[in-house]
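The structure under discussion appears below in the form of structure tokens.
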Amino acid sequence: MVENTGPARPDNARQTPAQDTVPSTPQRHRRKRWILIVVGLVIIALMAVAFLRPSHKQGSGNRRGAQAGNTAEPVAVTKVTTGDMPEILTELGTVVPITNVTLQARVNGYIMKVEFAEGQHVKAGDELVLIDPRPYQVALDQMLGTLQQDEAQLADARVNANRYTTLIKQNSIAAMTAKDAEYKVQQLEGTVKLDQANVANARLNLYYCHVLAPVDGRVGIRAVDMGNYFTAGQSGGLTVLTQMQPISVIFTMPQDQLPQVTDRLRQVGELPVEAWDSSNLKKIATGTVKALDSQIDTATGTVRLRAIFSNEDEHLFPNQFVNAHLLVDTLHNVMLLPSNALQTGPDGQFVYVVKSDNTVEVHNVKTGIASNDTTVIQSGVTIGDRVVTDGTNHLRPGSKVTIPADENTQPTANDNNQHVSHRRAKTNGQQSESASPSAPEGQPTPPAPNNSQSGH
């Protein structure tokens, strides 16, 4: 019999204290899941508030943009002036020598002397190469000997013919004998002429052993050396001789401009032309055009012209690419504007003209020829108009503008006074010219540039 010394406890009360304080694994997972859900909801709420709340910066930017839209834009202006405009055609050309000779030997033989240096300037008639003349001298001596022999036979035949002529008159010989003597003389005369031609040919071959410069020019790289055997007509020749002074530039011109150029050539006889480098930045030489080609190239619709340059400094080099500036005519007393003042719209080209109250209006213009950065204006503006050349990006008809004081083209004194009084009226809310100025006349007030910057 077992003795029960304590009160009875239920079975679940027999667990250890550690087991009572530690939750089970499913409870921990449920708690973590709820924590993650709560954190996610908080993040979503914060993002919604950030995106849906009106932006203070955006509102202030809109206010600054609206304020800048009512602010005068700083611009650069220039006045419409009159002057002379050269009518220049700029075409791509190539430097072509007037004379370019590939030196060839006309006889065969060994080269005994090369009497030029590469790149040397030579005169017409200077000896450049000597081919061994000894074989041709021997041939000449042979021809001279044959000629001398045949000339002696001809002299003997003539003596016999004269004697037979005297005897035939005396009826001392047969007529056939005298006739044969005459034919013998004629035969030998032909032989002597043949010998004389052979002698001349031998002398010519001997002369051809000396290769001479046909024109003044510059010798290029030699193709043969002393001691080589050269044959007549050999490929590449001995060297190339190029005439450098004068030299020409051949360039093409569109066929639409042909009548104007030909009419001008008939009037003045020649047209000035300038050769500029391939980048069209530096002038190389000045020459003239006196003639053009006799036909139009049907493939390109252009006609070729040849300009002649003295080329004393030899800055023009054969096969060099240049830009030919052909001065066709000069327009006098025409309205001129910088090309950057021209804008393009749906109705064509236009400009912004600054009025006396420093607002702009649009003037459609008709343009003429242009050269470099200047354009001829045929209609649309008048002489003295102030035209905007820079700062046109934000301009609209009626836009207010300010003109920096350091511009080359300044408004008149009356324009400055009107500009200052208008600015004061805008600041004080009244039009009063007696208000004390707070800044020198003609200078913009400080807020104008700041507003303009915020508007951009």
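The values are calculated or read from the model by the stated rules, or taken from the named source; none is laboratory data. Note that the structure is predicted; figures quoted are calculated from it, not measured. Methodologically, a virtual Cβ is constructed for each residue, glycine included, from the backbone with ideal geometry; neighbour enumeration extends over all protein chains shown. Ligands, DNA and RNA are excluded from the accessible area calculation, which covers all protein heavy atoms including side chains. Shrake-Rupley method; radii C 1.70, N 1.55, O 1.52, S 1.80 Å.
Rolling a 1.4 Å probe over the protein heavy atoms leaves LYS79 with an accessible area of roughly 60 Å². About its Cα centre, the stretch 302-379 has a charge dipole of approximately 280 debye under the convention of +1 per Lys or Arg Cβ and -1 per Asp or Glu Cβ, with nothing else charged. The residue list VAL107, ALA152, GLN120 was ranked by how far each Cα lies along the charge dipole of the stretch 97-172 toward its positive end, using unit charges on Cβ atoms, and ALA152 comes out on top. Where q = 0.16, 0.26 Å⁻¹, what log10 of I(q)/I(0) comes from the Debye formula for the stretch 209-269, counting one point per Cα? Those come out to -0.71, -1.18, one per q.
Add +1 for every Lys or Arg and -1 for every Asp or Glu among the other residues with Cβ under 13 Å from the Cβ of MET226, and state the total.
Local net charge: -1.
Mind running the shape call on the stretch 85-175? Use the C-alpha gyration tensor, a ≥ b ≥ c as the square roots of the eigenvalues: rounded below 1.5 for a/c, prolate if a/b tops b/c, oblate otherwise. The shape class here is oblate.
With the cut-off at 1.5 for a/c, could you classify the stretch 265-398 from its C-alpha gyration tensor as rounded, prolate or oblate? Prolate, since a/c reaches 1.5 and a/b exceeds b/c. Cross-link partners for LYS400 among the lysines, with Cα-Cα distance under 28 Å and sequence neighbours closer than 8 places in the same chain left out: LYS57, LYS79, LYS355, LYS366, LYS426.
As a calculated quantity, the FRET efficiency between ALA117 and ASP84 at R0 = 56 Å, using C-beta atoms, amounts to about 0.65. Basic side chains Lys and Arg get +1 at the Cβ, acidic Asp and Glu get -1 at the Cβ, and with that the dipole of the stretch 218-365 about its Cα centre reaches some 380 debye.
Solvent-accessible surface (1.4 Å probe) assigned to ARG396 amounts to roughly 140 Å².
Grab the beta carbon distance between GLN260 and ASP347, set R0 = 35 Å, and tell me the FRET efficiency rounded to 0.05. Here the calculated transfer efficiency is 0.75. Note on the stretch 271-320: with charges restricted to the Cβ of Lys and Arg (+1) and Asp and Glu (-1), its dipole about the Cα centre is near 160 debye. Given their separation in residues at 0.36 nm each and the Cα-Cα distance between them, ALA299 and THR146 gain 48.9 nm when the chain is fully extended. Among the protein heavy atoms, those of MET226 account for about 130 Å² of accessible surface (1.4 Å probe, every chain in place). For the stretch 108-175, the list of trypsin sites (Lys or Arg not before Pro) that fall in a loop by DSSP and count at most 15 other C-beta atoms within 10 angstrom reads LYS123.
What do you reckon, how do ASP141, ASP150 stack up by accessible area (1.4 Å probe), largest on top?
Largest accessible area first, the list is ASP141, ASP150.
For LEU167 and GLN137, the FRET efficiency from 1/(1 + (r/R0)^6), where r spans their Cβ atoms and R0 equals 51 Å, is about 0.65. When the Cα gyration tensor is reduced to axis lengths a ≥ b ≥ c, the ratio a/c is 1.5 or higher for the stretch 140-267, and with a/b not above b/c it is classed as oblate.
Which residues in the stretch 232-252 have a backbone N closer than 17 Å to a point placed 7 Å from the Cα of ILE221 along the Cα-to-Cβ line? Hits in the stretch 232-252 for ILE221 at 17 Å: 235-242.
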